[in-house]
Amino acid sequence: MKVLNLRNPFGAKVYHEETVSSTFDIARHLADKNEGHGTVITADFQEAGRGRLNRSWIAKRSESLLFTILLRYENYASVPEALTLRTGLAVSLAIEELSTSPRGEVSSAPLMSLPVKIKWPNDVMINSRKAAGILTEADGKNVYIGVGVNFAQSDFPEEHRSKAVSIAQVLPGLPEDARFLLLENILDRLYCEIETQSASLHWRDRVLKRLYKNGEIVTFADGAADSVSLITGVLSGLGPGGELLIIPDGEKTERAFVTGELRVYK
């Protein structure tokens with residue numbers, strides 16, 4: 001396993017493998033070997049990558065930014081609330097920090113024209129298409145956050161073409177090593193969002209500003225993604241713990257949901 005010379009504000013190592021079963025598997029192995037809070041494992045290819053609700057995550061070699069970060073806490077109460085949403089915020093901000101000059105060089109100027117949104121509970125959207133997915137799992141005092149960002153894809157299979165987008169498609173001309181620059185940006189932003197008091201106090205307002213479909217009429221599957229319990233109504237925001245708030249059709253008060261999925265694709 002190779003250690004990358006990348007910036008990590010958590011003060012831990014960033015490991016890299018060309019091929020893994022999944023970065024989650026390696027992160028658990030690293031936890032067993034007492035690696036520290038903020039340790040990262042990234043890979044060019046996952047043979048058994050998966051997303052939320054055990055959906056498979058398939059990407060060609062080196063086309064996506066795939067990584068898992070290991071976070072360690074004293075107890076469950078110490079885990080930051082709404083961690084998946086706040087990771088989505090970090091990923092959104094990091095994507096917006098990528099910008100290209102006419103020569104294709106990466107600069108630090110924010111690309112304000114990108115409408116990067118957070119789709120509750122775990123996706124990052126650009127122009128109404130999925131650019132990244134996040135999966136958070138806990139194992140005792142350890143928390144694992146897996147992130148997959150569509151990065152270098154020039155196209156997608158026909159069945160996903162209207163649903164997915166890559167960073168290369170919206171920011172053409174990025175150099176090959178920009179994938180790891182994005183990783184550094186994400187780690188910087190995530191550290192700020194969950195390790196600093198000022199950001200922790202205002203995470204909900206910051207997520208709300210880019211909450212996908214906020215204020216719009218939505219269809220929501222309550223429970224599992226294949227649930228037949230569908231609710232139509234106005235997405236009205238987030239609860240104090242990151243719950244999704246919806247005012248169902250024909251009702252006047254909000255209902256809070258902690259599991260489920262927005263039905264946004266036809």
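Quick note: the coordinates plus some simple rules give every number you see, no bench work behind them. The shown structure was predicted, so the numbers you read here are calculated from the model rather than taken from an experiment. Glycine also receives a Cβ, built like all others from the backbone with ideal geometry; neighbour counts cover every protein chain displayed.
Efficiency by 1/(1 + (r/R0)^6): what FRET value for E251 and S154, r their Cβ-Cβ distance, R0 = 35 Å, to the nearest 0.05? Display every interim value, and only then the final one.
On the way: r = 45 Å, r/R0 = 1.29.
Efficiency, from the Cβ-Cβ distance: 0.20.
Fewest first, what order do K33, K130 take by the number of other Cβ atoms within 10 Å?
In increasing order of surrounding Cβ atoms, one gets K33, K130.
Please work out whether the stretch 2-207 counts as rounded, prolate or oblate from its C-alpha gyration tensor, where a ≥ b ≥ c are the square roots of the eigenvalues and a/c under 1.5 means rounded, while otherwise a/b larger than b/c means prolate and anything else oblate?
Details: a/c = 1.44, a/b = 1.26, b/c = 1.14.
Rounded, because the longest to shortest axis ratio a/c is under 1.5.
Shape verdict for the stretch 213-262, please, from the Cα gyration tensor: rounded (a/c under 1.5), prolate (a/b greater than b/c) or oblate. Before the final figure, lay out the partial values.
On the way: a/c = 1.68, a/b = 1.17, b/c = 1.44.
Verdict is oblate for the stretch 213-262.
Give me the aspartates and glutamates in straight-line cross-link reach of K119: C-alpha distance below 19 Å, same-chain residues under 8 apart excluded.
Cα-Cα hits under 19 Å: E81, E96, E137, E193, D205, E216, D222, D226, E243, E254, E261.
Going by how many other beta carbons lie within 10 Å of each one, how would you line up H202, H160, fewest first?
On the way: H202 9, H160 16.
Going from least to most buried by this count: H202, H160.
What angle do you read, to the nearest 10 degrees and between 0 and 90, between the alpha-carbon axis of helix 178-195 and the longest principal axis of the chain?
60 degrees
Helix 83-96: angle to the longest alpha-carbon principal axis of the chain, degrees 0 to 90, nearest 10?
60 degrees
Based on other C-beta atoms within 10 Å, arrange L4, L230 from fewest to most. Intermediate results must be reported in sequence, preceding the final value.
Working: L4 15, L230 11.
If I rank by nearby Cβ atoms, fewest first, I get L230, L4.
For the chain, what is the mean residue ellipticity at 222 nm derived from helices alone (per DSSP H run of n ≥ 4: -39500 (n - 2.57); sum divided by total residues; nearest 500 deg cm²/dmol)? Please list the in-between numbers first.
Values: 6 runs with 57 residues, N = 266.
Taken over the chain, the calculation gives -6000 deg cm²/dmol.
If I take every Cα pair under 8 Å that is 6 or more residues apart in the chain, average their sequence separation and divide by the length, what percent do I get for the relative contact order?
Values: 536 pairs, mean separation 41.8, N = 266.
It rounds to 16 percent for the chain.
On a 0 to 90 degree scale, rounded to 10, what angle separates helix 23-32 from the longest Cα axis of the chain?
Tilt relative to the chain: about 70 degrees.
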